[in-house]
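To start, the structure itself, in structure tokens.
The values are calculated or read from the model by the stated rules, or taken from the named source; none is laboratory data. Quick caveat, the model's predicted, so the values are computed rather than measured. Here the Cβ positions follow ideal geometry from the backbone for every residue, glycine too, while neighbour counts run over all protein chains shown. For accessibility, only protein heavy atoms count, side chains too; no ligands or nucleic acids. Shrake-Rupley method; radii C 1.70, N 1.55, O 1.52, S 1.80 Å.
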Amino acid sequence: RSTSAGRWREKPGSSGINAEYGDYSEIEQLLTESPAERVLTATFVVRAVHDGGKKMRKERGVATLATRVRDTTVLAVCDADVHGDAYDSGATKCVEPAIAQNELEISADKYDVVVCTSRVLPALKPLGRILKAKMPHERRGTVAPTIQSAVRRALLNMEWEMVQSTNHSDYYNVTLPLLKTSFPVNTLRDHVQIMFNEIINFCPAKTPPNEFIERLELNDGDNTIHVDIREHNDKLKKIEVGVLKKKYSREETWELRKTAKKRSEFLERETEKIGEFLEQHWDRVKS
């Protein structure tokens, strides 16, 4: 069941990007009915066509969330003297580099992630044919100076990628498990902000940041919450200073710079509003 109640709505007398929340009764009902430990999946809908019809490439990345969202089994390859540190940090099993090949050949598929330290990494490189996509790499956060850091990153990291939207050819979707209904409000706000910041890094130079992410959808497995920011995007456009081909005075130049600052602060304000809404209603979910 898809609801339309997630659109930003203005109360009478409110205006522009400072408008408050309107009717969220359907969203409130959905959250209230969600099981206490259910994982909510987030889908960020991103504009794919820019600059006169040119389609951007599909990007991917790794986001480090504030709190562990899903259960992840971690195999830590490290020296015996730091096995205790690895287990304390959340590792599922530890093996020494000398016997790593035997362990990986037998049970590599049992683990979601394989991590190691920078010093141990050269010993694992010959095992690429066994590890394949699970081969530790700095960019994925599975290689770190200490095994504690590598394990913690593996538990908090969330890989994401842009995929073609099934509903519209001009949009990409970024879908990932983002939070649990038992998380405190601050964690919810942090995870939304982290993903907004991750995705906006790939916004094309000629596309205003407030037009890059179309909306956020939260799904609990049975229902979908639509958080639509398009109405606020339209309001923001009305207060922007039009850029025409002409020479500007000093005063006009400063005005344009102020407008650019408003654009860069737009997504931050939107995510704060998401946090405010969750703060108002999340206690009902946990009770």
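Per-structure values
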item: Any hit, the stretch 196-210, residues being modelled with pLDDT under 75 and surrounded by fewer than 16 Cβ atoms within 10 Å (Cβ to Cβ); result: no
item: Among (1) modelled with pLDDT of 95 or more; (2) among the hydroxyl-bearing types (Ser, Thr, Tyr); (3) buried (at least 17 other Cβ atoms within 10 Å of the Cβ), the one test that residue 111 misses; result: (1)
item: In the stretch 123-168, residue farthest from residue 62 (Cα to Cα) [restricted to those that are open to solvent by 80 Å² or more (accessible area, probe 1.4 Å), in a helix (DSSP H, G or I) and modelled with pLDDT of 90 or more]; result: 152
item: Condition check for residue 165: farther than 24 Å from residue 190 by Cβ and not hydrophobic (A, V, I, L, M, F, W, C); result: yes
item: Residue in the stretch 217-231 that is assigned to a helix (DSSP H, G or I) and either modelled with pLDDT under 80 or surrounded by fewer than 18 Cβ atoms within 10 Å (Cβ to Cβ) (or both) present; result: yes
item: Count of residues meeting criterion [touching a helix residue (DSSP H, G or I) at 6+ places or on another chain (Cβ under 7 Å) and either outside any strand (DSSP E or B) or more than 16 Å from residue 39 (Cβ to Cβ) (or both)] in the stretch 169-179; result: 1
item: Selection from the stretch 180-194 of residues that are in contact with a helix residue (DSSP H, G or I) (Cβ under 9 Å, 6 or more places away or on another chain) and either open to solvent by less than 10 Å² (accessible area, probe 1.4 Å) or modelled with pLDDT under 80 (or both); result: 181, 182, 183, 184, 185, 186, 188, 189, 192
item: Positions within the stretch 46-64 being farther than 14 Å from residue 197 by Cα and part of a strand (DSSP E or B), in sequence order; result: 47, 49, 50, 54, 55
item: Selected residue [closer than 17 Å to residue 154 by Cβ and not aromatic (Phe, Trp, Tyr)] from 80, 123, 76, 48; result: 76
item: Within the stretch 88-108, considering residues that are under 32 Å from the mean Cα position of the chain (by Cα) and surrounded by fewer than 15 Cβ atoms within 10 Å (Cβ to Cβ), the one nearest to residue 153 (Cα to Cα); result: 88
